[in-house]
Amino acid sequence: MLSSKVINESHGQDSSYFLGWQEYEKNPFHETLNPSGIVQMGLAENQLSFDLIESWLDDHPEVLGLKKNEESVFKHLALFQDYHGLPAFKDAMAKFMEKIRGSKVKFNANKMVLTAGSTSANETLMFCLANPGDAFLIPAPYYPGFDRDLKWRTGVEIVPIHCVSSNGYKITKEALEDAYERAHKLNLNVKGVLITNPSNPLGTSTTRGELDLLLTFTSAKKIHMVSDEIYSGTVFDSPEFTSVLEVAKDKNMDLDEKIHVVYSLSKDLGLPGFRVGLIYSNNEKVVSAATKMSSFGLISSQTQHLLANLLSDERFTTKYLEVNRKRLRERRDRLVSGLKKAGIGCLKSNGGLFCWVDLRHLLKSNTFEAEHSLWTKIVCEVGLNISPGSSCHSDEPGWFRVCFANMSDQTLGVAMDRVHGFVEAMVMNTNHGKQKRTMWDSRRRSLINKWVSKLSSVQCESER
Amino acid sequence: MKQLSTKVTSNAHGQDSSYFLGWEEYEKNPYDEIKNPNGIIQMGLAENQLCFDLIETWLAKNPDAAGLKKDGQSIFKELALFQDYHGLPEFKKALAEFMEEIRGNRVTFDPRKIVLAAGSTSANETLMFCLAEPGEAFLLPTPYYPGFDRDLKWRTGAEIVPIHCSSSNGFQITESALQQAYQQAQKLDLNVKGILVTNPSNPLGTMLTRRELNLLVDFITSKNIHLISDEIYSGTVFGFEQFVSVMDVLKDKKLENTEVSKRVHVVYSLSKDLGLPGFRVGAIYSNDEMVVSAATKMSSFGLVSSQTQYLLSALLSDKKFTGTYLNENKKRLKIRQRQLVSGLEAAGVTCLKSNAGLFCWVDMRHLLDTNTFEAELELWKKIVYEVKLNISPGSSCHCTEPGWFRVCFANMSEETLDLAMKRLKEYVESTDSNRLISKSSHERIKSLRKRTVSNWVFRVSWTDRVPDER
C-alpha cells in the first residue's frame with residue numbers, strides 16, 4: 001500500500017543521534033523547573049548572539065512590520081512566489097558569504113538557488129547530480145542527518161572516506177582512492193565527493209592542502225565536488241576559513257562546473273526555524289534544474305524580506321561576525337578547559353558549535369558496544385545528551401560530539417560539574433579496586449617484612 | 001559517464017508546456033495601467049488578490065503577530081530556534097479549525113494528523129513519495145493543473161494516467177471513464193496506486209458532486225487504492241451550494257475510522273483561499289499513521305518558516321477574522337466571476353457554469369479554425385500576442401477536446417478585467433467580420449463566375465460591409 005520509502009526505515013532516524021534527542025525530550029534540563037534533567041549537548045545550535053539580532057530588529061521595526069518607506073509591502077510579499085528568489089535577498093546573501101570569506105571569493109546572485117534550509121539544498125543537489133544507485137564519497141565521521149538528506153528519497157548511496165584520529169582526521173590521498181575503490185567493488189558509480197567545511201562533527205576547517213588534494217582528485221576522476229559550508233561563519237580560530245572556491249580560484253578552476261557550495265543561515269546566524277539555505281553553482285544546468293526543484297521547498301517571502309534587510313546592513317554583519325566568533329571561541333575554551341580538568345581531551349578545533357571529544361580512555365573495551373554503553377550511561381546517569389561517534393560513522397570507538405553553543409554559561413557549568421563528578425566516580429571506582437590490591441600486596445609484604453614498610457594510602461574508600 | 005542526473009537532462013520537469021511559456025511572454029511585456037497600457041494582461045495566474053485589505057487591516061490591528069511578540073514579549077529567539085517538523089502546535093490547531101470552518105464544521109480535523117509542508121506543491125510531491133514507487137501510477141481526471149506533471153512525476157518517478165472527462169456532461173467524472181483509465185494503466189503495465197482529484201477543480205472551477213465523490217470512494221474501496229483530494233480551493237466556493245469535501249462523504253458513508261479512510265488523504269494550502277502563495281504554507285491530512293509519520297520526516301525538505309507559522313497561527317486563531325474573511329472572500333469572488341462571465345457573454349463566448357475557484361473554463365471552440373489542438377494553439381498565440389491576454393490553453397491542462405481555455409479573474413483589478421473583456425470583444429467581432437468578409441468574397445467570386453457564364457441574366461447581391469483594420 002505504501003511506498004518502500006515509508007516501509008523500509010531508510011530515513012535513518014532510528015540512529016542513536018535521534019534517540020538521545022528523544023530521551024532529552026522526555027526529561028529536559030531546566031535551571032529552575034528541572035535541574036536534574038538531561039542537558040542537551042547534542043544539538044548544534046548557535047544561541048550565543050541573538051541579542052545582536054534582536055537589538056537590530058528593535059532598531060528597525062518596519063522590517064518585521066512588512067513596511068518599506070512607510071508603505072506596506074505585505075501584498076507584494078504575499079504574492080511573491082518566484083523561485084528565482086527575492087533579488088534583494090540573494091544580493092544580501094552573496095555579500096554576506098563574501099564577507100565571511102574575507103572577500104577572497106566573489107558570489108554572483110545568478111548562480112544561487114534558494115532552498116528551505118541546507119537540508120533541502122543537499123537533497124536537491126543529489127537529485128541533480130546523481131541517479132538512484134550512484135554514490136557520493138563523504139569523509140567520516142559525518143553529520144548523521146546526511147543518511148536521510150542525501151540518500152532517502154534520492155536513492156543515492158554514501159561511501160565513507162575513512163579518516164582517523166592518528167593524523168587529526170585529515171583527508172589523505174590514500175583514503176580517497178580507497179573509498180573510490182570500495183565504491184567500485186560495490187558496483188557503485190561515484191558521482192562526486194561531499195565535504196562539510198568546517199566539519200561537523202569535528203569542528204575543524206578543511207586545510208588548503210586537503211582542498212587542493214580534493215580538487216585534484218575530483219578533477220582527475222571527472223566527478224563533482226560539493227562543499228557544505230554552513231559553518232563557515234563560525235570559524236573563530238586559526239587557521240582562517242578557506243572555501244573550496246578560493247582554492248579553485250588558485251587552481252584556475254573557479255568557473256569549474258563541477259564545484260558546488262551549500263550554505264545556510266541556521267548555524268552562523270542561529271536561525272534554523274526560518275529555513276534558509278542555498279546552493280551555489282557555476283553549472284547553468286544545475287542552477288536551472290535546482291531552481292525548478294526549489295518549488296518543493298521555497299523560502300517564505302516574509303522571511304526573505306526580513307533577512308534581505310538584516311544582511312544588507314553591512315555595519316550589522318561586520319559586527320555580528322566578529323562578536324559571534326569571539327563568543328564561540330570563549331565558549332569553546334570553557335568546554336575544553338572544563339573537559340581537561342576531568343582529564344578529557346578533544347580534537348583541537350577552530351570552528352563549529354561543538355567539540356569532538358576523546359572518551360576512549362573511559363571505554364571498557366575498544367568496541368562500539370562499549371561506546372554505546374558509555375553513551376547510555378552518560379545520557380541516563382550523568383544526564384548529558386551527547387552524540388556518540390558511531391552515529392557519525394566514526395571508525396574508532398570512543399569519540400563523542402559535544403555541543404557548547406546551545407545553552408547558557410550556567411548550564412555549561414552544570415554540565416561540566418556533572419562530567420567531573422562522573423569521571424571522578426569512575427576513577428575512584430577504578431582506584432578503589434587498585435587501592436584494594438595495593439593494600440593486600442603491602443600487607444603481604446609487611447607480613448613478610450613485618451616492621452619494615454609504611455603504607456601510603458589514598459583516602460578514597462568513602463562510598464560515592 | 002553522464003555528469004548530471006537524468007532528472008536534469010531529460011525535460012521531465014514539464015516546464016516547456018505552453019502554460020509556462022505564456023507566462024514568459026507576459027513577463028516580457030506585462031500590462032500596467034499607467035506604465036504599459038498596451039501590455040499583456042495576465043489571466044493565466046490563479047491568484048486571489050481580492051481580499052488583501054482584510055488581512056492588512058488585521059495586521060495593523062495585531063502588530064505582535066508579524067512583530068514576533070507574544071503578550072508584548074519578544075519570542076524571536078524561540079521562533080528562530082523552532083525547527084520541529086511536527087510544526088508549531090498553535091498553528092496546526094488554528095489550521096485544523098480553519099479547515100473545519102470552511103466545511104461548515106461538519107467534519108473535524110485532528111491537528112496530529114496534519115503534516116505541514118512548504119506549499120501544496122511540496123505536499124503533493126511528498127504524498128507521491130509516500131504512496132507510490134517509481135513507475136507506479138495515479139489516475140487524474142482531465143483537464144488538470146499543468147503543474148502536476150512536475151509536482152507528481154518529476155522527482156518521484158510516478159506516472160499520471162488521465163481519466164478522460166468531456167464537455168458533454170460538464171466534465172464530470174463517470175464510472176466508465178474511471179474504469180477506462182484503470183484499464184489503460186494496466187495496458188501500459190502500470191500499477192495504479194490511487195486517484196488524485198482537485199476539488200474544487202482547477203481548471204474547471206466546479207465542485208465535485210456528491211455523486212462523483214461517492215463514485216470515487218466506492219472505486220478506491222473496490223480497487224484497494226488511495227484517494228488524494230487536493231482541496232486548496234475549498235475556501236473559494238462562492239455558489240449557492242455548499243462545498244462537499246471527501247471527508248464529508250466518508251462521514252456520510254460511515255467510513256470514518258475504517259481501513260478505507262486510511263487511504264483517503266487531503267491536501268490543503270493557504271495560497272488560494274488566503275492569497276498567500278509567497279508564504280509557502282501547505283498541509284497533508286491523513287488518517288494513516290505511517291503516512292503521517294513518514295511525511296512528517298520528509299517535511300524536513302520543505303518546512304514552513306516558523307516566522308510565518310507564528311503570523312498565521314495568530315491570524316487564523318482569530319475566529320472573528322476567519323468568519324468575516326471567508327464570507328467576504330466568497331462575495332467578492334462571486335462578483336468578479338460574474339463580471340468575467342458577462343464580459344465573455346458580450347463577446348459571444350460562454351463558459352462552463354462554475355461556482356468556485358479563481359478562474360472560468362471558457363469555451364472558445366467556435367473560434368477555432370478546425371477542431372484540432374493545432375488550431376487551439378494558433379488561437380492561443382493570437383490571444384496572447386494580438387489580443388494581449390495571457391490565458392491558459394486547454395491542451396496545457398491535458399483536456400481531450402480542443403478549444404477550451406482557463407481564464408483567471410481574481411488576480412487583477414475590476415478595471416483591468418473590464419479592459420481585458422473589451423479587448424476580447426473587439427477581437428471576436430473582428431474575427432467574425434473577417435469571416436463574413438471572406439464568406440462574402442467567396443460568394444462574389446462564385447457569382448462572378450456565374451455571370452460570366454450567364455452574361456446579362458443575374459444580379460449579385462452582396463453586403464456593404466468593409467472590414468475594420470485592427
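Of everything in the stretch B:414-441 that is modelled with pLDDT of 90 or more and β-branched (Val, Ile, Thr), the residue that is farthest from the chain's Cα centre (by Cα) is B:VAL428.
Considering only residues in the stretch B:320-329 that are surrounded by fewer than 17 Cβ atoms within 10 Å (Cβ to Cβ) and in contact (Cβ under 8 Å) with a residue 12 or more places away in the chain, the one that is nearest to B:GLU97 (Cα to Cα) turns out to be B:GLY323. Those strands (runs of 3 or more DSSP E) of the stretch A:169-265 in which 1 or more residues are open to solvent by 10 Å² or more (accessible area, probe 1.4 Å) and at negative phi occupy A:189-196.
Entry remark, the stretch B:73-119: residues being over 31 Å from the mean Cα position of the chain (by Cα) and farther than 30 Å from A:GLY277 by Cα number 0 in total. Residues that are more than 7 Å from chain B (Cβ to nearest Cβ), more than 11 Å from A:ILE279 (Cα to Cα) and aliphatic (A, V, I, L, M) do not occur anywhere in the stretch A:54-61.
For residues that are farther than 20 Å from A:LEU269 by Cβ and small (Gly, Ala, Ser), scanning just the stretch B:63-117, find the one that is surrounded by the most Cβ atoms within 10 Å (Cβ to Cβ). Out of the qualifying residues, it is B:ALA117. For the stretch B:215-235, the set of residues classified as of a type outside the set (Lys, Arg) and in a helix (DSSP H, G or I) consists of B:LEU215, B:LEU216, B:VAL217, B:ASP218, B:PHE219, B:ILE220, B:THR221, B:SER222, B:SER234, B:GLY235, listed by residue number.
Here's the yes/no breakdown for (1) β-branched (Val, Ile, Thr); (2) within 17 Å of the chain's Cα centre (by Cα):
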{"residue": "A:GLY102", "(1), (2)": "no, no"}
{"residue": "A:VAL105", "(1), (2)": "yes, no"}
{"residue": "A:SER118", "(1), (2)": "no, yes"}
{"residue": "A:ALA121", "(1), (2)": "no, yes"}
{"residue": "A:THR154", "(1), (2)": "yes, no"}
{"residue": "A:GLY168", "(1), (2)": "no, yes"}
{"residue": "A:LEU186", "(1), (2)": "no, no"}
{"residue": "A:VAL190", "(1), (2)": "yes, no"}
{"residue": "A:GLY209", "(1), (2)": "no, no"}
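For the stretch B:236-245, the count of residues that are touching a residue at least 60 places away in the same chain (Cβ under 8 Å), among the acidic types (Asp, Glu), open to solvent by less than 30 Å² (accessible area, probe 1.4 Å) and not in a strand (DSSP E or B) is zero.
Has the stretch B:258-272 got any residue that is open to solvent by 10 Å² or more (accessible area, probe 1.4 Å) and free of Cβ contacts under 8 Å to residues at least 12 places away in the same chain? Yes, the stretch B:258-272 contains at least one residue that is open to solvent by 10 Å² or more (accessible area, probe 1.4 Å) and free of Cβ contacts under 8 Å to residues at least 12 places away in the same chain.
Yes or no, residue by residue, for (1) more than 10 Å from chain A (Cβ to nearest Cβ); (2) part of a loop (DSSP other than H, G, I, E, B); (3) out of contact with any helix residue (DSSP H, G or I) (no Cβ under 9 Å at 6 or more places or on another chain):
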position	(1), (2), (3)
B:ASP273	yes, yes, no
B:ILE284	yes, no, no
B:VAL292	yes, no, no
B:LYS297	no, no, no
B:GLN307	no, no, no
B:LEU311	no, no, no
B:LEU315	yes, no, no
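Given the stretch A:33-129, what helices (runs of 4 or more DSSP H) lie entirely inside it while holding 3 or more residues that are open to solvent by 20 Å² or more (accessible area, probe 1.4 Å)?
Working: elements: A:50-59, A:61-64, A:74-79, A:87-100, A:117-129.
Those helices (runs of 4 or more DSSP H) span A:50-59, A:74-79, A:87-100.
Here's a check for you: in the stretch A:135-166, which residue that is acidic (Asp, Glu) and more than 8 Å from every other protein chain (Cβ to nearest Cβ) is least open to solvent (accessible area, probe 1.4 Å)? First the steps, then the outcome.
Going residue by residue through the stretch A:135-166, those that are acidic (Asp, Glu) are A:147, A:149, A:157.
Next, only the ones that are more than 8 Å from every other protein chain (Cβ to nearest Cβ) stay: A:147, A:157.
Values: A:ASP147: 28, A:GLU157: 72 Å².
So the residue we want is A:ASP147.
Looking only at residues in the stretch A:1-27 that are open to solvent by 50 Å² or more (accessible area, probe 1.4 Å) and either closer than 30 Å to A:LEU310 by Cβ or at the interface with chain B (Cβ under 9 Å from one of its Cβ atoms) (or both), the one that is modelled with the lowest pLDDT is A:TRP21. Pairing each residue of the stretch B:389-413 that is over 22 Å from A:LEU79 (Cβ atoms) with any residue that is open to solvent by less than 10 Å² (accessible area, probe 1.4 Å) and of a type in the set (Ser, Thr, Tyr), provided the two are 6+ apart or on different chains, yields C-beta distances under 8 Å for B:CYS397/B:THR142; B:HIS398/B:THR142; B:CYS399/B:THR142; B:THR400/B:THR142; B:PHE405/B:SER392. When A:ARG325 is tested against the conditions (1) within 14 Å of chain B (Cβ to nearest Cβ); (2) open to solvent by 10 Å² or more (accessible area, probe 1.4 Å), the lone failure is (1). Note on the stretch B:125-141: residues that are open to solvent by less than 10 Å² (accessible area, probe 1.4 Å) and not in a helix (DSSP H, G or I) amount to 5.
The values are calculated or read from the model by the stated rules, or taken from the named source; none is laboratory data. Model, not experiment: these values are computed from the prediction. Counting neighbours? That spans all protein chains shown, and the Cβs are built from the backbone with ideal geometry, glycine included. Remember, those area values only see protein heavy atoms, side chains included, never the ligands or the DNA or RNA. Shrake-Rupley method; radii C 1.70, N 1.55, O 1.52, S 1.80 Å.
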